[in-house]
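Notes follow once the structure below has been shown.
Read-outs: derived from the displayed coordinates by stated rules, not from any lab. If you're wondering where the values come from, they're calculated on a predicted model, not measured in any experiment. Counting neighbours? That spans all protein chains shown, and the Cβs are built from the backbone with ideal geometry, glycine included.
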Amino acid sequence: MSTISITVNGKQKSGDAQGNTLLVDFLRSELKMTGTHVGCDTSQCGACVVHVNGESVKSCSVFASACDGATVTTIEGMANDDGSLGVIQAAFQEQHGLQCGFCTPGMVMSIAEMLKNNPQPTEAEIREGLKGNICRCTGYHNIVKAAQSAAAALAGAAQAAE
Amino acid sequence: MAKDSGIGAAVKRREDARFLKGRGRYTDDMNRPNQTYAYILRSWSAHATLNSVDTEAASAAPGVVRVFTGKDIEEAGLGGVPCGWEITDKHGEKMKEPPHPILAIGKVRHVGDPIAVVVAENYQQARDAAEMIDVDMTDLPAVVDMRTAETIGSAVHDEATDNLCYDWELGDGEAADKAFAEAAHITTLELINNRLVANPMEPRCAIGDYDEDADHYTLYTTSQNPHVIRLLMGAFVLSIPEHKLRVYAPDVGGGFGTKIFHYAEEAFVTWASAQLKRPVKWTSDRSEAFISDAHGRDHVTKAELAMDAEGKFLALRADTRANMGAYLSTFAPSIPTWLHGTLLAGQYLTPAVHVRVRAMFTNTVPVDAYRGAGRPEATYLLERIINKAAQEMGMDQAELRRKNFIRSFPYATPVALEYDTGDYDATLDAVMEMADYKGFEARKAESASRGKLRGIGLSCYIEACGIAPSSLVGSLGARAGLYEAATIRVNPTGSVTVMTGSHSHGQGHETTFAQVVSDALGIPADQIEIVHGDTDKIPFGMGTYGSRSLAVGGSAIVKAVDKVVAKGKKIAAHLLEAAESDIVFEDGHYKVAGTDKAKAFAEVSLAAYVPHNYPIEEIEPGLEETAFYDPKNFTYPAGSYLCEVEVDPETGKVEIVALSASDDFGNVVNPMIVEGQVHGGLAQGIGQAMLENATYDEHGQLVAGSYMDYAMPLAVDLPSFNVETAEGTPCTHNPLGVKGCGEAGAIGSPPAVVNAVVDALKDYGVDHIDMPVTPLRVWTTIQNASVKQAAE
Amino acid sequence: MYSFDYTKPTDLSAAVDSLGTEGAQAMGGGQTLIPVLKQRLSQPSILVDLSGIESLKGIRRMGDMLVIGAGTTHGAVAGSSDVSGAIAGLTELAGKIGDPQVRNRGTIGGSLANNDPAACYPSAALALGATIETNKREIAADDFFQGLYATALEEGEVITAVKFPIPVASTYQKFEQPASRFSLTSVFLAKMADGSVRVGVTGAGADGVFRHAGLEQALSANFAASAVDGVEVSAEGMSNDLHATPEFRANLVKVMTKRAVEALS
């Protein structure tokens, strides 16, 4: 057992972790941040995707100890400072990109990285970029639309800022 | 102009914000003070005698609170997991209904059958200790293949030595036989409806919490119908009366049928929490889900269609074996019978239909309802054999269907249903237009120029939804009523709390039900709160399945609203000094007809709670009404789907290039949500057709037991869909005129996909291929067909 | 998972020291190993996470060789202009491994050391005639892969880098297993500077990754898709599972090879 410290969504957090404690379990059990979900045990469903040092990872496939000192962003950190939905979150609501909501945190986190690396993805690129995320409710149709809509909104915001 | 609120408006979902911020509250997100953790040791053998289970070492392991086995369950005298539907077979005999103990007693019957449960201070300790349990088993021959189950000489249950649960039939066999004898053309088809695993993304979870001081139990669980769990578990398993048992299903991460059923784990944690005087939590992992969540489908069928020379259907015969798995899950016996056999008329005027269903016990995970439940199996059978018939007779697939459409309603089918309304030409016309059916040959030629085989496949489905009239299902063997309940609580200042028995786990009820109430009461939706999922808050409920939430649950809400308005009129009449018969309620106001005298809804509500000036002799204060709605008939959503595929003949890979869907759901409350439901259904249907297959080997091991081998549809596997909801023929017998939309996509799409693949391969002489149409299967089919063609 | 200790050394010698512990297990990105641990299929005493060792990361061009540090992630390889400018097939391959999250963590060293029969990288290492550099020695790819999950690595031996000769042209044609999305049968094809053509096949062989001599000879003589037609690819020695028969895999070897040739033509 060791104590590890992680900056989560801008806040310094620390807690106890065993050698085999996964980041997702540390977030959910130790830090009581339950927005990140576990949907499989073979590292495929992506319900647990968070960002570690700016890169998306499956938090079920990373040890908490490996993240000691790291900066982590979870779904709880994706809203605007005033609590309103962030651009990608708002696009999900607007396009009805979620139903039961269980895969949604991972979807949002994956798309956030996708749009950072490729601000104007094609539909095929979006679908390929969601290869690590399984949704059983939406058939992905509206998730793809949400990603497109978020891309457009982010581009608009970038233009306005110039 | 599109509406922005109320019925018909594409209102954005109010539940989204909490999910998008990571603030959904799912069962596994909850923890109780002083909680323990359960790990279940499950059988690795498909069929074995359980000689002994030695828990001594495990009991002494670090952190272990207690280890339970079947012996503890037996000694406590607990009931088994009950079955909620009794089928009477064709000889008038009741189905075989062997016991289903919470933990295995004497025998294990499928891989995943629970043998023992370790309860410990944490999950890791429970799992570590489970490895110390010494289980002595003697393997027995596994019964896996339904086709040989009767003769294999190994019985899953002593109560059914031939592994036959029931042999059921429906329809006029003699009339069908006569029609076959006179037919100009007979098409036969043997097909398999592949076994599926529902795979909601949230694995199941249950927390039992016994309050010793109050002698009260709470079960937190991932359920589509908490009241049904309270009823089944309380009455049949643990003997806990309803007032001592609360079942709460908070946010649930998808269900698709597999969270309807009462599972042994729910009963175990509830019971164990009282034994230990501590809360007990069990969370399934995905591997465990594959061998403990009820599976779906799994039929083997021989079908025959008799036609006259012009292609008019004369009769249909179907002989199906349906897999029940090792035990009868909650609704399992009803799925291949009353939800399958009754659908075999489809959209067609087939005068005689006969169906025989033999339900088989096997050493596999129990099989029960999965999105569509019986209706996808019926639709697949019918829509496949029609396409094979069209292929054999050289007719266009759409034309053959049109020749046989039902066009006059109400229509009594030869398999016990009465369709109230429909317009099958309308959805077929629409989908052919949407998919540019006429332009297909040109697209096929273009594909051919790239070495690809293009095919187009049609499917015209009907389903019976809005399950269902209680008196009818009671006569068919259901052990519960299938009404729905709702309470409308008008608060003193005029806001409204709606308690509904329809659980929402992705369907968006919190939004759509508020739209319905907002329209009915003329108040803004933000004045309305929808409460569901908690037996302590909701009067009663039968839950969410069978596309019934709006048709049945929504109707109950409307009925309760009607009662509120009726009482409000009495109060308003008093306040307005008018006759009650002169009061009309419109736009949120009680008005005296023909005058400008009116009281707002909130004013009347306040008067009900501050009854100073009130007809107290005549009516009680307060404004809260409950209604139970029992439907008069099923609802009959229907539609037409066209799928276009491109097959790579060198690799067997199938790509869906287009999928168009035209559905008639009657009236639509929220078109955005309805389309989303269709999208999801389509993806699951395409998953069944192309990817998913819960394959067992001959020893009863689930070979496709994780996402490494069970192929879930990903975004890359699917196209964007072309979905339109037709103007629609409103349901004639419920107050909203709605039919239900949750299952349509999963019902209509599998035959459309397979028909398209067969169409693409028809030049090889291929006339059938089983699901899923994997690269291996398509390539092998092409190879075999090529060899056959070369030999001819 | 079973209990184990965890260490994340920042230099190689400390890692090698830790790996000297009885029951120690090295981990690259953990994208294959962690799922295995979760299934309790492995029980290390101590897990030595190599991802903190900066010296194992990085991509550099050395003359006619491209050297990729063992700790370099698939994502870094896929996004590297040094790689795409030198060995386009490697860019394609790395970009097709798993999904974006796996590519952000998984490493080339981890993939080669694990030698999963359906992994992508081993086919490239074989087809390009790579040299596997370890803390002890250099091993030719042809000698490195020794059957399913088996390699020439000894106890305590850690891959430090992989040296790829730069070919004239290369491509990776992946055909995915429908569920896991690993390779069902995939082909890495390289046209080398000496005119030879090398064909690495992953996902197909019952003994893991292999080169196909018949295809290499035919394509070295005549670099055309039609040359593949005349080659007999036997189903013998191909693996058999839910998703593909040996015959189907043998077919895919030819089809993917033809597509590779077409992609380079």
Between region B:188-205 and region C:214-244, how many Å separate their Cα centres?
-> 37 Å
Counting only residues 5 or more apart in sequence or on a different chain, those whose built amide H sits under 5 Å from that of residue C:183 are C:177
Which residues' amide hydrogens lie under 5 Å from the amide hydrogen of residue C:139, considering only partners 5 or more residues apart or on another chain, with H built in the peptide plane?
-> C:132, C:133, C:134
Mind listing the phi-derived Karplus ³J(HN,Hα) values for region B:85-98, rounded to whole Hz, using 6.51, -1.76 and 1.60 with θ = phi - 60°, and x for any glycine or proline?
-> 8, 10, 8, 9, 7, 6, 9, x, 9, 6, 4, 6, 10, x
What nm value, rounded to one decimal, do you get for the distance between residue C:149 and residue C:41 when each label is placed 7 Å out toward the C-beta?
-> 0.6 nm
Taking DSSP loops as anything outside H, G, I, E and B, show the longest stretch in chain C free of GluC sites (Glu not before Pro) there with at most 13 other beta carbons within 10 Å.
-> C:23-153
For the protein assembly as shown, build the charge dipole from Cβ charges (+1 Lys, Arg; -1 Asp, Glu) around the Cα centre, then report which of B:313, B:207, C:257 sits farthest towards its positive end.
-> C:257
Give me the percent of Cα-Cα pairs in region A:87-161 that sit more than 18 Å apart, rounded to a whole number.
-> 29 percent
Would you mind ranking B:603, B:266, B:618 so that the residue whose beta carbon has the fewest other beta carbons within 10 Å leads the list?
-> B:618, B:603, B:266
Output ³J(HN,Hα) for region C:216-229: one whole-Hz value per residue in order, computed from phi by the Karplus curve 6.51 cos²θ - 1.76 cosθ + 1.60 with θ = phi - 60°, and x for Gly and Pro.
-> 4, 4, 4, 7, 5, 7, 8, 7, 8, 4, 5, 5, 5, 3
Over what distance in Å are the Cα centres of region B:514-567 and region A:1-56 separated?
-> 39 Å
Shape call for region B:59-110 from the C-alpha gyration tensor, a ≥ b ≥ c root eigenvalues: rounded (a/c under 1.5), prolate (a/b greater than b/c) or oblate?
-> prolate
Across the Cα atoms of region C:156-265, what radius of gyration and what greatest pairwise Cα-Cα distance (Dmax) are found, in Å?
-> 14.3, 47
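Subtract the Cα-Cα distance of residue B:148 and residue B:405 from 0.36 nm times their separation in residues, and report this length gain in nm to one decimal.
Values: separation 257, 0.36 × 257 = 92.52 nm, distance 3.78 nm.
Additional length available on full extension: 88.7 nm.
From largest to smallest, what semi-axes in whole angstrom does region A:2-77 give when each is the square root of 5 times an eigenvalue of its alpha carbon gyration tensor?
Working: eigenvalues 57, 38, 24 Å².
Taking √(5λ) for each eigenvalue gives 17, 14, 11 Å, largest first.
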Run the quick spin-label model on residue A:160 and residue B:425: label points 7 Å from Cα toward the beta carbon, then report their separation in nm to one decimal.
-> 5.2 nm
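Which GluC sites (Glu not before Pro) does region B:485-589 hold that lie in a coil by DSSP with at most 15 other beta carbons within 10 Å? The partial results should precede the final answer.
On the way: sites: B:510, B:529, B:577, B:580, B:586; in loops: B:577.
Filter output for region B:485-589: B:577.
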Cα lying deepest toward the dipole's positive end in the protein assembly as shown, options B:676, B:395, A:12, charges on Cβ = A:12
May I ask for log10 I(q)/I(0) of region B:1-146 at q = 0.09, 0.17 Å⁻¹, from a Debye sum over the Cα atoms as equal point scatterers with solvent left out?
-> -0.50, -1.01
DSSP bridge pairs, chain A: antiparallel proportion in percent, nearest 5 | 90 percent
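At 0.36 nm per residue, minus the direct Cα-Cα distance, what do residue B:121 and residue B:44 gain on full extension? Give it in nm, one decimal, please. Spell out each step's value before the answer.
Working: separation 77, 0.36 × 77 = 27.72 nm, distance 2.53 nm.
Result for the pair: 25.2 nm of gain on full extension.
How do B:636, B:614, C:149, B:380 line up, fewest other C-beta atoms within 10 Å first?
Values: B:636 26, B:614 18, C:149 13, B:380 33.
Final ranking by Cβ density, sparse to dense: C:149, B:614, B:636, B:380.
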With 27 Å as the limit, write out which pairs from B:259/B:281; B:302/B:452; B:559/B:591 have Cα-Cα distances beyond it, or answer none.
-> B:302/B:452
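Name the shape class, rounded, prolate or oblate, that the alpha-carbon gyration tensor gives for chain C, where a ≥ b ≥ c are the square roots of its eigenvalues, rounded holds for a/c under 1.5, and otherwise prolate holds if a/b is larger than b/c and oblate otherwise.
Values: a/c = 2.05, a/b = 1.48, b/c = 1.38.
Cα axes put chain C in the prolate bin.
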Return the whole-Å distance between the Cα centroid of region B:727-792 and the Cα centroid of region B:297-353.
-> 16 Å
Rounded to 10°, Cα long-axis angle of helix A:104-117 versus longest principal axis of chain A | 70 degrees
Counting other C-beta atoms within 10 Å, which of B:619, B:335 has the fewest, and how do the rest follow?
-> B:619, B:335
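Starting with the highest mean, order B:150-160, A:100-110, B:652-662 by the number of other Cβ atoms within 10 Å, averaged over the residues of each peptide.
Values: B:150-160: 15.8, A:100-110: 29.1, B:652-662: 22.7.
Averaged packing, sorted descending, gives the order A:100-110, B:652-662, B:150-160.
Only Lys, Arg, Asp and Glu count, each charged at its Cβ (+1, +1, -1, -1), so figure out the dipole size of chain B about its Cα centre, rounded to 20 debye. Numbers along the way, then the final one.
Values: 69 positive and 109 negative charges, 125 e Å.
So the dipole magnitude of chain B works out to roughly 600 debye.
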Rounded, prolate or oblate: pick one for chain B, where a ≥ b ≥ c are the square roots of the eigenvalues of its C-alpha gyration tensor, a/c under 1.5 means rounded, and failing that, prolate if a/b is larger than b/c, else oblate.
-> oblate
Residue B:657 long-range amide H proximity, modeled H, under 5 Å | B:644, B:645, B:646
By how many nm would the segment from residue B:695 to residue B:727 grow when fully extended, if each residue of separation counts as 0.36 nm and the alpha-carbon distance is taken off?
-> 7.4 nm
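Relative contact order of chain B, please, whole-number percent, based on alpha carbon pairs below 8 angstrom and at least 6 residues apart. Each step should come with its number before you reach the end.
Values: 2012 pairs, mean separation 119.7, N = 792.
This gives 15 percent for chain B.
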Peptide B:775-786, shielding by other chains (average Cβ, 10 Å cutoff) = 3
From phi via Karplus (6.51, -1.76, 1.60), per-residue ³J(HN,Hα) for region B:727-735 in Hz, x at Gly/Pro | 3, x, 10, x, 4, 8, 10, 10, x
